[in-house]
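First up is the structure itself, then whatever we jot down about it.
Every number in this text was worked out from the coordinates using simple rules, so none of it is lab data. Fair warning: this is a prediction, and the values are worked out from it, not measured in the lab. FYI the Cβ positions are ideal-geometry reconstructions off the backbone, even for glycines, and counts take in every protein chain you see.
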Amino acid sequence: MNRTTPFSKAAIRNACIAAAFAVTPIGLYTVGVIAGPSEEQIAENKANIDRCVELKGDTNACDRINRSKAYIPNGYQPTVDLTVSLRKEAKVKAEADKKAAEQRQAIARAAKGKALAAAEAKFKAEGWFELKPGIYARWCTETCSLAKVIGSGSYSLMEVWAKDAHAGDIYARVVVLRDGEIVGYIKDTIHLSRGQRGVLTFDSYFDADSAKLTEFIASY
């Protein structure tokens with residue numbers, strides 16, 4: 001008759017624990033250490049704080065301030081708190097200044113537009129019309145010199161103004177009319193630099209009552 005050797009409950013429990021450790025390895029874990037800011041980072045943060053205060057918040061250095069306690073130099077916390085209000089006030093002022101500048105520009109544009117409109121109206125009222133880009137002309141009344149008029153025949157005078165462009169040598173030709181019918185052709189030439197004025201004189205012995213410009217050439 002076979003007999004078994006009895007085991008106590010404590011012996012069985014210890015055997016199970018030993019078996020578990022023999023099969024399953026024990027995991028080992030390490031706890032990481034978070035490093036604080038370097039001296040260079042703290043010094044850079046201090047420079048941003050000082051710059052922000054120096055310029056009363058009107059600088060992007062205020063936005064670069066690291067407000068974490070570890071980055072703030074000893075005794076600088078009140079100054080860091082001050083930069084918040086300084087930056088806010090600076091932004092409010094900058095926005096107000098921008099709006100004021102926009103209003104001034106709008107007023108200036110309106111004034112300039114009004115002045116240009118008035119000048120253009122006066123320009124047209126004086127009879128000026130554009131012949132070439134920057135070159136204007138008008139038929140003369142009492143405004144032109146009669147120095148080139150010869151004899152006592154009929155004549156027409158055209159004042160030319162090289163207002164915004166160099167005209168150079170100018171050649172012009174007109175047809176002279178009587179009762180709407182062509183009775184002759186007359187030409188004249190002048191030379192004008194930018195800003196100068198001159199008079200084209202179309203005089204003849206034709207019995208005419210008007211003239212019509214048919215050709216105008218500027219050599220530029």
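The lone criterion from (1) over 30 Å from Ser38 (Cα atoms); (2) buried (at least 16 other Cβ atoms within 10 Å of the Cβ); (3) aromatic (Phe, Trp, Tyr) left unmet by Phe129 is number (2).
Yes/no matrix, rows are residues, columns are (1) over 15 Å from Lys212 (Cα atoms); (2) touching a residue at least 40 places away in the same chain (Cβ under 8 Å):
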{"site": "Glu159", "(1), (2)": "no, yes"}
{"site": "Asp169", "(1), (2)": "yes, yes"}
{"site": "Ala172", "(1), (2)": "no, yes"}
{"site": "Gly184", "(1), (2)": "no, no"}
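Of the numbered criteria (1) assigned to a helix (DSSP H, G or I); (2) among the polar types (S, T, N, Q); (3) in contact with a strand residue (DSSP E or B) (Cβ under 8 Å, 6 or more places away or on another chain), the one Gln103 fails is (3). The conditions of being within 33 Å of the chain's Cα centre (by Cα) and loosely packed, with under 13 Cβ neighbours inside 10 Å are met by Ala115. Filtering the stretch 94-138 to residues that are touching a residue at least 24 places away in the same chain (Cβ under 8 Å) and either closer than 22 Å to Lys212 by Cβ or not small (Gly, Ala, Ser) (or both) leaves Trp128, Leu131, Lys132, Pro133, Ile135, Tyr136, Ala137.
One line per residue, one yes/no per condition, for (1) part of a strand (DSSP E or B); (2) surrounded by fewer than 16 Cβ atoms within 10 Å (Cβ to Cβ); (3) over 46 Å from the mean Cα position of the chain (by Cα):
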position: Ile170; (1), (2), (3): yes, no, no
position: Leu177; (1), (2), (3): yes, no, yes
position: Ile182; (1), (2), (3): yes, yes, yes
position: Ile190; (1), (2), (3): yes, no, no
position: Gly195; (1), (2), (3): no, yes, no
position: Ala211; (1), (2), (3): yes, no, yes
position: Phe216; (1), (2), (3): yes, no, no
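Annotation: Glu159 fulfils all but one of (1) closer than 18 Å to Phe206 by Cβ; (2) out of contact with any Asp or Glu (no Cβ under 8 Å at 6 or more places or on another chain); (3) among the charged types (D, E, K, R); the unmet one is (1).
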